[in-house]
Structures are given as structure tokens and as C-alpha cells.
Amino acid sequence: MSWGSELWDQFDNLEKHTQWGIDFLEKYAKFVKERSEIEINYAKQIRNLSKKYQPKKTSREEEENKYTFCKAFLTTLNELNDYAGQHEVIAENLTSQIITELSRYLQDLKTDRKSHFHDGRKAQQHIESLWKQLESCKRKFERDCKEADKAQQYFDKMDADINVTKADVEKARQHAQVRHQMAADSKSDYSSYLHKFNQEQNEHYYTVIPNIFQKLQDMEEKRIERLGACMRTFADVDRQVIPIVGKCLDGMSKAAEAIEAKTDSKQVVESYKSGFEPPGDVEFEDYEQAMKRAVSESSLNNSRGEVRERPTGKSKGKLWPFIKNKNKGSGPEDFSHLPPEQRRKKLQGKLDELNKDIQKETDQRDALTKMKDVYVKNPQMGDAASLDPRLAELGQNIEKLQFEVQKFEGWLAEVEERMPSKSDTHRRSGLYESHSSGAVNNNCAQDRESPDGSYTEEQNSEIHEKANVANAKPPPVAVTPEFDDEFDDEESLPTIGNCKALYPFDGHNEGTISVAEGELLYVIEEDKGDGWTRVRRNQDEEGYVPTSYVEVFLGTNAKGAMTYI
């Protein structure tokens, strides 16, 4: 159906309808714009959420990222960030493909509609003007006809009156003729203008108005089609990102499927394994023998009992007396404050970093060397001598790094040599079980801490001890404040026996004492399971020595023992 033929008399309604269509299109454009803003805000919130839970670049976070569930969560955050990016793509496409295009189209649509209705009003004004002219001609013809009729009646009256002169009759007749002629002319003009008006009116209602209305109809149909295309694009914009969103979700699912509880459990072992062996059985101490001793010996036992009863309340702390606050500060360079297994991992990681640094410096040196060769062959490209300072600096850096590598390799070899194996564990356990009960707590098949906070390892045989006398020194580590306080508090401990040094020991660390082979010393504190015995040379010199380096004599066999009552 055509608006021109069906709605020829609905000009005003069509004007309202087309304006409503434009308003509707503007409303849809506003809807798409608000949807785009929602997508942008949503993407921003998703990105902020992903950023908020991203692991910080701290040592603890790096340690946590070793677990599969932490890796899965990190992958989820990264995929969520990509997911947010797809919503930004949606907003961008909505803006470029719909909002921008609709804004431009609306301007053209308003211009075309204004032009069409201007032409319609002009045509309407033209036909109305013709109608007024036709009405004017019609009224003139009617008026002339009435005047001619009056003139004819007046002439007939004068002609019938015998008292009227012939001149008056002639005058009335001529006047009647003039009026009849005017009426005939008016009739002719009216007829001619009526014919013209009918033609113009036919042209107006069958040609001009239908053409204008057809343009309005085409304009309206194009608007509707354009709106439909925008609605399809609105859906397609979402559909286009569905595959990528699906990949993001698939990535999250795969990350979740990659979580392995067994692997994480194993990683816990790798992270916290100390490398120590569990302590051996605690031997029975026969206190009945003390009842048979002399009064002085009983007094010695009482004093010893007092000494040994003192730490009972904190026996748990005394098992590892030198690891208090070991996490304060960065620790020594050789990581000797760590258990063997963790120390080995730290040393290996440090070696890997140093080797990477060496490779980086070497690559830079090789590149500068090639550049220098080019400058030597082509002096116009640059001064070869200007590269010498940098090459020298790189050479020094490589030498320093290589020295560091050798140092850490030595420490790594030391800790790997000291780490107990399963065969060593059985052999060492059997050896300690064969020891007499006189050497109290000498059966502990476990690494202990040195008085300065570092870890050492008890040797498992006399031959092994003699072969490693020079290497048995505990690594240097700063003494913790807690140790100093503890040492000062127990400074006046009584003598409970004596001992003989089996091997020389260089006590270069604070808290230890140097002894010579065969030297006799007083024992003021037994080995509490940490592999160290506290001894005194005189009233001012005392410290710790490895229990495996001395032969301890307690009880009646003590040579030169002093008794404190």
C-alpha cells in the first residue's frame, strides 16, 4: 500500500508519525549508549578485581605460587582480565557500529523529513491559493449574473412604460447589454479557471502529494530497516566475542583441572623439609647409683639435678636452643641459619641466579666485542677505544660473579656432603646405641644447631671425625640477642664433671671455645641433645665444644672435678 493513495488526506498525522519514528530511533541510540557504558564499567570493575587479587611481588607470594592451586587461581585472574577485555570490545563495537552510525543517520533523517514536509506544505499552499482564486472568479461570475439580471429587468420595465422617453429606454437597453456581456466574460473566466484548477488539483492529489508521501514512506521504511539492522548488530557484537569468552572460560576450567592435591602435598615437603633425622631413643638414666655415692658426690648430684631441672619447663625450646627469632633479618650469606635441605635449595637457587647474571654479562661483552671489531675495521662508524672502559667493567663484573659462584659452589658441596643418607642413618643409629650411658644424649642421630645459630652435623664414626676435623667448624653466623641473654644468665653454672679433648677444635664463633687435643676441661653443662657440651677452662674462659670432640667423665670417675655445696 502506498501512503500517497491511501493517506492523501493525512498530512498532519503523517507528520506526527514520522516525528515519533525519529524520536524512537533516538531513544534506541540512547539505550545502546547506556549499554555501552555499562559494559565499560563492568569491564573496569572486573579488571580492578583481577588486579586486586594478583599476587604481590613478595618472597612469600612467590613461595605460594609454587602450588598448583595458586597457579590455577593466577591463571583464573589472568583469564578474567582477558574476559574483561572482551566486554571492552563489546562497548567499543557498540559505539563504533551503532551509536556513531545512528547519530549520523539521525541527522540525515531529520534533514530529509524536513525537506519532504516543506515540499508538502508548499504544494498544499499552492492548491489552496488556486482554490481561493477559483472562489473569487466564481463570486465575480455570480455577481455579474445578478447585475445583468437586474439590468434586464430595469430595461423591460422602462420599455413597457409609455411615459419613459425613447432615449431612456435605449440607455437602459445598452446598460443591460453591457451587464450581460460582463456576465458572459465572467462566466468564461470562471469556466477557464475552473478547468485550470481541476487540472492543478488532480496534479496535486494524484502526482505531487503521492510523490512526497512516497518519499516519506521510503524514508520511514529505511528508518525501520536501519533500526532492525542495528538490533541485529547489537546481538552480533555479543556473539562475536562469545568464542573468545569461551576460550577464557575454558582456560579457567583447564586451570582448575590442573590442580593436583598430591603435587601440592609434595611441594609442602619440598618447601619445609629440613633434612634432619628424627631423634633416637632417650636412654634410661639410673638414679639409684646416686644413692650409693658419698656425701660430696650426692651434693654434686644435687647440684647437677638443680642445673638440669632448671630448663625443664621449657624443654621444647631447649631442644633447639639457638633458633629463636632466626627469621629476623636476612640471615647470613651462606644460609647457614637454615636447615640442610632448605639451605641446599637456597644455595642452588643463588647459583642459578649467578649463572644467569654471568650469561647476561657475557652476552653484553660479546656484543661489545663484535661492535669494537666493526669499529676497528671501519673507523668512520665509531671510536673503538670508547668501548674499552665498558668492556673492562664487564670483565670485572664477570670475575666477581665467577668468584661468587665458586664460593656458593663450595658451600653447596659442603652441605650436600653433610646431608645424611638413609644408609648413614642406620649406621649412625647403631653406633650411638652401642655407646655407654655415661655420655648422656650422645645417641641423637640428628643434625643440631651450633651456639651461634648455624646448623652442624654430628660425625657418625671416629674415622670420619678425624678426617673432617678441619671442616667440623660451625659456619659463622651472628649471635642472636636471645642467646647472649641466656649465656649471661647461666654464667655461674657449677662444675658437674670434666672431659678430655679427643681432637683439636678452633672455636672461632662467638659462644664457642677453642681446645687442643688431649686438653682437660671442666664440664658445666651436659649435651642437651643439640650436639654441644658446655665446658670451662678457668673461671673466666668457658664456652661450647662439639660433644663428639670430647670424652666426658661424670660421676666418680671425674678427674679433678670440683664440688659445689
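Amide H contacts for residue 514 (H built 1.01 Å from N in the peptide plane; partners 5 or more residues away or on another chain; cut-off under 5 Å): 507.
The residue 146 and residue 12 beta-carbon pair, evaluated with R₀ = 30 Å, returns a calculated FRET efficiency of approximately 0.20. Counting only protein heavy atoms and using a 1.4 Å probe, the accessible area of residue 185 comes to about 80 Å².
Percent of C-alpha pairs per 5 Å bin in the stretch 1-149, short distances first: 2, 8, 9, 9, 8, 7, 7, 6, 6, 6, 5, 4, 4, 4, 3, 3, 2, 2, 1, 1, 1, 1, 1, 0, 0. Here the extension length gained between residue 41 and residue 242 equals 70.4 nm, from 0.36 nm per residue of separation less the Cα-Cα distance.
Ranked by the mean number of other Cβ atoms within 10 Å per residue, highest first, peptides 347-360, 152-165 order as 347-360, 152-165. Rounded to the nearest whole Hz, the Karplus-based 3J(HN,Hα) values (6.51 cos²θ - 1.76 cosθ + 1.60, θ = phi - 60°) of the stretch 499-510 follow the sequence 8, 10, 6, 7, 9, x, 9, 9, x, 7, 8, 5, with x at glycine and proline.
Taking packing as the residue-averaged number of other Cβ atoms within 10 angstrom, the listed peptides 395-402, 86-93 run from highest to lowest as 86-93, 395-402. Residue separation of residue 49 and residue 2 scaled by 0.36 nm, minus their Cα-Cα distance, works out to 11.2 nm of gained length.
Please report, to two decimal places, log10 I(q)/I(0) for the stretch 115-204 at q = 0.11, 0.12 Å⁻¹ as given by the Debye formula with identical point scatterers on the Cα atoms and no solvent. Summing over Cα pairs of the stretch 115-204 leads to -0.48, -0.53. The fraction of all Cα pairs in the stretch 178-273 landing in successive 10 Å bins from 0 to the largest distance is 12, 13, 12, 11, 10, 9, 8, 7, 6, 5, 4, 3, 2, 0, given as whole percents.
Residue-wise HN-Hα couplings along the stretch 348-363, as the Karplus relation 6.51 cos²θ - 1.76 cosθ + 1.60 with θ = phi - 60° gives them from phi, are 5, x, 5, 5, 4, 5, 5, 5, 5, 5, 4, 4, 5, 5, 5, 4 Hz; Gly and Pro carry x.
For residue 554, the amide hydrogen comes within under 5 Å of no other amide hydrogen, counting only partners 5 or more places away or on other chains and with H modelled in the peptide plane.
Phi-derived couplings, Karplus 6.51 cos²θ - 1.76 cosθ + 1.60 at θ = phi - 60°, listed residue by residue for the stretch 99-115: 5, 5, 5, 5, 4, 5, 5, 4, 4, 5, 5, 5, 5, 5, 4, 4, 5 Hz, with x used for Gly and Pro.
A 1.4 Å probe over all protein chains sorts 131, 20 by accessible area into 20, 131, starting with the largest. With 29 Å as the limit, the listed pairs 273/400; 56/356; 30/122; 57/345; 16/122 have 273/400; 30/122 beyond it between alpha carbons.
Near residue 542, the amide H atoms lying under 5 Å from its own belong to 537; only residues 5 or more places off or on other chains count, and H is placed 1.01 Å from N.
The values are calculated or read from the model by the stated rules, or taken from the named source; none is laboratory data. Quick caveat: nothing in here was measured; it's all calculated off a predicted structure. Every residue, glycine as well, gets a Cβ built from its backbone with ideal geometry; the counts of neighbours run over all protein chains shown. Protein only, heavy atoms only, side chains kept; ligands, DNA and RNA dropped before computing areas. Shrake-Rupley method; radii C 1.70, N 1.55, O 1.52, S 1.80 Å.
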